[in-house]
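So the structure is just underneath, and the comments pick up after that.
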Amino acid sequence: MSTDGPILEKRLYSDQLTMELVQALIERGLVTREQIEELKVRSALTGDRLDVLLVREHLVGEPEVLAAMSALTNIPFKAVGDFRITPEAVTKVPAKVALTYRVIPLDLHGGMLVLGTSQVPSLMLADNLRMLLNAAIEWVLCTEPEVTHTIQHFYGLGAETVASISEQSISEETEIQESNVGEESADAGMIRFVNQVIAEAIRRDATDIHIEPFETHLRLRYRIDGLMQEIPLPKAIQKYRKAVASCVKIMAELDIAERRKPHDGRIKVRSGSEEFDLRVSILPTRYGETVNMRILNRKAMFIDLHHLGLSDRQLPAIEALSALPHGVILITGPTGSGKTTTLYATLSRLNTPDVKIITVEDPIEYQMEGINQIQIHSKINLTFASALRSILRHDPDIILIGEIRDSETADIAVRASLTGHLVFSTLHTNDAPSAVTRLSDMGVEPYLISSSLEGVIAQRLVRRICAGCKEPFPINDAIIEEIRTTMPAGAMDGATYSHGRGCPECGFTGYRGRLAIFEIMVLDENLRAMIVKQRPSNELRHYVVSTGFATLRQDGLRRVIEGQTTVEEVLRVARKGEPVAPV
């Protein structure tokens, strides 16, 4: 590890160091002498170090303790995200060593191995690792959560739990069968492993957990920010792949003896102060049962319209559309593009005591106080169309239709808007102008579309750059030129192009969270005339672009300029080929 200036002597852990740490914390007013005396008694009984107890008892934050230790020992205190961890460094530190000593490889160069740890190492520990790893060691202090998440990423989630199961009464040659899960020897460990899988998914804000058995391995994947991400598992879990599915079935109160047909169930879990529902779906496959768990936050709420990330031009347009007394407003995009969230953010603004709102949904994704919500049940012929016919006799002001799926629903929605109702709904189209063509294909007459449709909002979700490892990053000249020619004058002033380096908080992906990009088409008289004349969608698009319409790609590039997302994300959801013009 390169250093600038004089090389400072590093100190390792000793009782004297602990006393100096305590004195420094007392002088800073972070703890009192009475608290330290109480911890000393507990330390004598448990054998735990004082610096560990200070953090465990929440008397001092771990970053403050590590920063003080760094000042006293000259061992740097850094974030894991500051390092680019190479496969060579990981290979140098075996999983057993990392798990036993709670150390993580950060770098390897010139025979020097940089190890991260959440505690200042003792002389004995440093000597043991030097001999075990046959390398000179440079130490770096990192927080315990970062150490834990890095070990999980590089050595497999639940590695310690799987190792403890293997050390129980089950021999390495014996493969766990479903019936073994109920045995005390394996049950507690396997439940602990599944709980770790669920807890890590919640921590990463995953929406789905996929556990898939194959001939030679068990694969775990999370759907995070709309994309599947494979989560490393320890190799030893392969022996217990059938037991994992059986354990999930026990937690969901399903029949573990039946392995030939699909199962559906539910698990309720708590993480901190929040409660989650896990909808469990199990399917039989060639190599065992594959598990999917959909994670639903029981307290999840829609976001306000002002927090959708709309630009200064887009927000007034949506507010103006939602303030109309009647008409059809459509939100388009593929499954998982955030259409429902935008709809409910809009409805929350309109939800007042003097307005009656009725929704027809399949399923009801958000529960809103003050709104009448109807769940579709096709088995009893309660469809979108049949529900809409009854809703119109219920004196609503605003109607939300979860999705326009057929010609009958489209026709009723359009006619409802013509009789004085404001109708919101969604369509699956690639862009805003294509919604007109889609309605026409469903059999709605062009003059009805022209008379009723007020606006179309197309949207996509792109991943947000992780704030914990965000750093400047250049983009290629072709994109720079596209921005220069299609974005407003001065848009590139103060541009900050960035990407995520990868850190434990984002699972080393460089992204954490998502944001929406939009294109908003508001109908004017010329556009209505073109619809009546049945002009194709590409002509409609050329017209709206000429009037200053900002495309999805342009809105995405705006987010790139602002340093919120990357060019790769925008290109993934808004491909080249759409006509663009300066706005």
Any pair with Cβ under 6 angstrom, 6 or more apart, that starts in region 224-243 at a residue that is in contact (Cβ under 8 Å) with a residue 60 or more places away in the chain and ends at one that is charged (D, E, K, R) and open to solvent by less than 40 Å² (accessible area, probe 1.4 Å): I224/R204; D225/R463; K242/E178
Matching residues in region 516-536 - criterion: being farther than 30 Å from E562 by Cα and touching a Pro at 6+ places or on another chain (Cβ under 7 Å): I531, V532, Q534
Matching option when the condition is crowded, with 18+ Cβ neighbours inside 10 Å, aliphatic (A, V, I, L, M), modelled with pLDDT of 90 or more and within 21 Å of A320 (Cα to Cα), among I398, I404: I398
Selected residue (only one of E361, E365, E445 is within 28 Å of S537 (Cα to Cα) and either out of contact with any Lys or Arg (no Cβ under 8 Å at 6 or more places or on another chain) or open to solvent by 40 Å² or more (accessible area, probe 1.4 Å) (or both)): E445
Residue list for region 248-283, restricted to those being in contact with an Asp or Glu (Cβ under 9 Å, 6 or more places away or on another chain), surrounded by 15 or more Cβ atoms within 10 Å (Cβ to Cβ) and assigned to a strand (DSSP E or B): H263, G265, R266, I267, V269, R279, V280, S281, I282
Unmet criterion (only one of (1) in contact (Cβ under 8 Å) with a residue 40 or more places away in the chain; (2) more than 27 Å from the chain's Cα centre (by Cα)) for H153: (2)
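Residues are listed down the side, and each one gets a yes or a no for (1) over 23 Å from A467 (Cα atoms); (2) open to solvent by 10 Å² or more (accessible area, probe 1.4 Å); (3) of a type in the set (D, E); (4) part of a helix (DSSP H, G or I):
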{"site": "E505", "(1), (2), (3), (4)": "no, yes, yes, yes"}
{"site": "I517", "(1), (2), (3), (4)": "no, no, no, no"}
{"site": "I520", "(1), (2), (3), (4)": "yes, yes, no, no"}
{"site": "A529", "(1), (2), (3), (4)": "yes, yes, no, yes"}
{"site": "E539", "(1), (2), (3), (4)": "yes, yes, yes, yes"}
{"site": "A550", "(1), (2), (3), (4)": "yes, yes, no, no"}
{"site": "R558", "(1), (2), (3), (4)": "no, yes, no, yes"}
Pair list, Cβ under 8 Å, 6 or more apart: region 444-464 residue within 17 Å of E525 (Cα to Cα), other residue assigned to a strand (DSSP E or B) and open to solvent by 10 Å² or more (accessible area, probe 1.4 Å): E454/V522; G455/I520; G455/V522; V456/I520
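Each row is one residue, and each column tells you yes or no for (1) modelled with pLDDT of 90 or more; (2) open to solvent by less than 40 Å² (accessible area, probe 1.4 Å); (3) assigned to a loop (DSSP other than H, G, I, E, B).
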position: P145; (1), (2), (3): yes, no, no
position: V162; (1), (2), (3): no, yes, no
position: I191; (1), (2), (3): no, no, no
position: I202; (1), (2), (3): yes, yes, no
position: A206; (1), (2), (3): yes, yes, yes
A67 vs. criteria small (G, A, S), surrounded by fewer than 19 Cβ atoms within 10 Å (Cβ to Cβ) and at pLDDT 90 or above: yes
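The values are calculated or read from the model by the stated rules, or taken from the named source; none is laboratory data. For clarity, every value in this text was computed on a predicted model and none was experimentally measured. Note: ideal-geometry Cβ built from the backbone for every residue, glycine included; neighbour counts use all protein chains shown. Heavy atoms of the whole protein, side chains included, go into the accessibility calculation; ligands, DNA and RNA do not. Shrake-Rupley method; radii C 1.70, N 1.55, O 1.52, S 1.80 Å.
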